[in-house]
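A short write-up of the structure that comes next.
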Amino acid sequence: MRTREFRGHPKYLKLTEDELALHSRKNWDYTKGGDTLGNFKRVASILSNYPGLDVSDPAVVSLVFMLKQLDAAFWMICQGYDGKVETIDKRLQDSHIYIKIARILRNEH
């Protein structure tokens with residue numbers, strides 16, 4: 001994409017280009033050659049096993065974020081690659097963080 005093809009404030013266009021580049025790198029991490037929305041569909045499929053799950057519960061939200069990280073790690077492992085933006089190890093570290101946050105939220109509730 002060339003910013004000269006679009007009208008608008010140059011800084012706005014640059015921010016948009018930066019977001020497109022980040023989206024592209026992260027999409028590669030989450031889906032590498034698969035469905036570009038596959039990560040959302042896989043996590044939704046897992047969550048469909050829990051009818052009545054209260055997604056407004058902050059602890060559940062934290063676990064959903066953790067699940068998103070685990071899904072990314074599983075996908076990278078099964079496809080045989082490491083992430084460009086976040087590696088498998090980074091995804092696993094994030095999973096630890098989200099689980100601890102969920103435990104704190106549950107204990108405070």
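The values are calculated or read from the model by the stated rules, or taken from the named source; none is laboratory data. All values derive from a computational prediction rather than experimental measurement. Every residue, glycine among them, receives a Cβ derived from its backbone with ideal geometry; neighbour counts consider all protein chains shown. Heavy atoms of the whole protein, side chains included, go into the accessibility calculation; ligands, DNA and RNA do not. Shrake-Rupley method; radii C 1.70, N 1.55, O 1.52, S 1.80 Å.
Charges only on Cβ, +1 for Lys and Arg, -1 for Asp and Glu: so what's the dipole of the chain about the Cα centre, in debye to the nearest 20?
Working: 17 positive and 14 negative charges, 70 e Å.
I would put it at about 340 debye.
Taking Cα pairs under 8 Å and at least six residues apart, what relative contact order does the stretch 14-109 come out at, in percent? Each step should come with its number before you reach the end.
On the way: 74 pairs, mean separation 32.4, N = 96.
Here the relative contact order equals 34 percent.
Structure shown: which of 68/90; 26/90; 41/84; 32/100 lie over 23 Å apart, alpha-carbon to alpha-carbon?
Working: 68/90 13 Å; 26/90 13 Å; 41/84 21 Å; 32/100 29 Å.
Listed pairs above 23 Å: 32/100.
Kindly sort 16, 31, 36 by accessible area of their heavy atoms, largest first, with the probe set to 1.4 Å.
From most accessible down to least: 36, 16, 31.
Tell me the label only: which of [x] 14.5, 43; [y] 13.1, 38; [z] 17.2, 53 is Rg and Dmax of the Cα atoms in Å as calculated from this structure?
Looking at Rg and Dmax of the Cα atoms in Å for this model, the match is [z].
Relative to the longest principal axis of the chain, what angle (0 to 90°, nearest 10) does the C-alpha long axis of helix 10-31 take?
50 degrees
What number comes out for accessible area per residue over the chain if the probe is 1.4 Å? Units Å², please.
Working: 8000 Å² over 109 residues.
Counting only protein heavy atoms, the per-residue value for the chain is 73 Å².
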